[in-house]
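A short write-up of the structure that comes next.
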Amino acid sequence: MDDKDSKDTLRVGAAVRRRRRALDLTLAAVAARSGLSVPFLSQIENERARPSMRSLERVADALETTAVQLLAAADAARTVDVVRAGDDSGLVADTRVRPVVHGHHQLHALEFTGEHDAGREYRHRNDELMYIADGTAEVEAEGRAYRLERGDTLYLSGGVRHRWRATEPGTRILVVAVADHVEVTES
């Protein structure tokens, strides 16, 4: 018996539609904000097209959220979930980004393989951990540069501005973060 049936395929379109409607935006408004076409956005929402990670980031920016949040909202929560190494989780295979946890949980995790847009700066509300599974990467956090190699881990507390890039082919980085919908309180 397969531990993952076809109905469990990540359906990011429903999450995009819910977020767009929550903001009371039309497809045309999201198209204007994202630079993507109305027909393509309609295909995403209706699960007839699977966006690349870059397209999903453009949609997320237009919807005032992040691609990670859309991915987290894309699938129902479950107690036990296996993500196989070859599972593209509904994203186009050449995106080099793979969710390693399905659903809407207290954490989200993504595996990045190969190059990444080093110009994009991130700042998350909650804590984040980067683990270098293979290769090397450079991370700039709060104006300071860090060179990370295989097996290294970098912890970023919530609110830290950062950007990063892989510095050699075949680099694999696991990013695990506390989900934005979780309120972290000091004890």
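Table for the structure above
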quantity	calculated
Centre separation in Å (Cα based) which lies between region 121-161 and region 46-73	22 Å
Which of GLU64, GLU45 is most accessible, then next, and so on - probe 1.4 Å	GLU64, GLU45
Neighbour net charge for GLN43 - beta-carbon separation under 15 angstrom, K R +1, D E -1	+4
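The values are calculated or read from the model by the stated rules, or taken from the named source; none is laboratory data. Remember, it's a predicted structure, so these values are computed and weren't measured experimentally. Please note: Cβ atoms are built from the backbone with ideal geometry, for glycine as well, and neighbour counts cover all protein chains shown. For accessibility, only protein heavy atoms count, side chains too; no ligands or nucleic acids. Shrake-Rupley method; radii C 1.70, N 1.55, O 1.52, S 1.80 Å.
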